[in-house]
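Beneath this line is the structure, given in structure tokens, with notes to follow.
The values are calculated or read from the model by the stated rules, or taken from the named source; none is laboratory data. The model shown is predicted, which means the values in this text are computed figures rather than measured ones. Please note: Cβ atoms are built from the backbone with ideal geometry, for glycine as well, and neighbour counts cover all protein chains shown. SASA here: full protein model, heavy atoms, side chains in, ligands and nucleic acids out. Shrake-Rupley method; radii C 1.70, N 1.55, O 1.52, S 1.80 Å.
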Amino acid sequence: MNAPKLTLRTQEGEVADGLDRETGRGLAHELVERLKGRILSGEISPGEKLPAESSLVDEFGVSRTVVREAVLRLQAAGLVETFQGRGSFVLEVPERASGLREVRSHRDVLELLDFRIGVESEAAGLAAGRRTDHQLKAIERALADFRRIGDDPSRSVEADFAFHLKVATASGNRFYSDLIGSLGPMMIMLPRTRLDPAYEMSDATHLARVVLEHENIYDAIARSDPEAARAAARVHLSNTRHRLTSERYSD
């Protein structure tokens, strides 16, 4: 059941019509959710231009600053591309992620994480027992890339996904790598767009925590410790799920 449209005022006194005031996540976050929903549902098709900044200001009653922040987040998530003087255009969701086109709601994102916990925990355990030196080096390089660009939201999704894909490849079972590859970077992006701004990768504390979780997975695989690798992967993905199910995200 759709929540009724609500009107709220920001600290600056501006009226925000139609954005949910109960989440406590901020107007930019709520605007991202609205626009992302239109994009993933096909209401705004790939190649189409997002409504003009002034139109979004009028429609949602928010400031230009809020609209610009929301567009930057959509750009970082790989959903739009912005051209100076022309505006922002919707990008095609990769075909390999076609199954994720149906991930619409908060509940869908939680179920996706439940699925990943089961699949990727076992993949990490198998990788610890089967990986080759070459595959371990590939995971190490992916981890190094993630450390280096993790605080750049426009690149961190791809770096995060690359790490998980290298782990799946090292399992020695092509079905794991094929499955993770078919989900694509969208499996990383979708949960992030549901997280509170306090948990964004630009937050140093959160970034350090996620890097440590990746390091724990790598270390267990390097030690050839399947149980520790399974546990590290489960902790990493469960922590993401926990952040999504804190009080402010309850349905």
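Calculate the spin-label point distance for R34 paired with A222, positioning each point 7 Å from the Cα along the beta-carbon direction, and give it in nanometres.
Going from the A222 label point to the R34 one covers 4.7 nm.
May I ask you to rank R107, R73 by accessible area, largest first, using a 1.4 Å probe over the protein chains only?
Values: R107 140, R73 50 Å².
These residues rank, largest area first, as R107, R73.
Once you put a point 7 Å from the Cα of S54 and another 7 Å from the Cα of T205, both along the Cβ direction, what distance in nm separates them?
Result for the modelled spin labels: 4.2 nm.
Report the gain in length on full extension from R68 to H134: 0.36 nm times residue separation, minus Cα-Cα distance, nm rounded to one decimal. Provide the component values of the computation, followed by the final result.
Working: separation 66, 0.36 × 66 = 23.76 nm, distance 4.34 nm.
Fully extending the segment from R68 to H134 adds 19.4 nm.
Using protein chains only and a probe of 1.4 angstrom, how many square angstrom of H134 are accessible, to the nearest 10?
It works out to around 130 Å².
Amide H neighbours of E48 under 5 Å, counting only residues 5+ apart in sequence or on other chains, H built in-plane at 1.01 Å?
The answer is V90.
Tabulate in residue order the Karplus-calculated ³J(HN,Hα) for the stretch 121-128, using 6.51 cos²θ - 1.76 cosθ + 1.60 with θ = phi - 60°, rounded to whole Hz; enter x for Gly and Pro.
Here the 3J(HN,Hα) series is 5, 5, 4, 5, x, 5, 4, 5 Hz.
With all protein chains present and a 1.4 Å probe, how do F89, F146, F115, F83 order by accessible area, largest first?
Largest accessible area first, the list is F115, F83, F89, F146.
Take the alpha carbon gyration tensor of the stretch 110-169, find the square roots of its eigenvalues, order them as a ≥ b ≥ c, and report rounded if a/c is under 1.5; if not, report prolate when a/b exceeds b/c, else oblate.
Oblate, because a/c is 1.5 or more while a/b does not exceed b/c.
Once the whole set of protein chains is in place, how much accessible area is left on S45, using a 1.4 Å probe, in Å² to the nearest 10?
40 Å²
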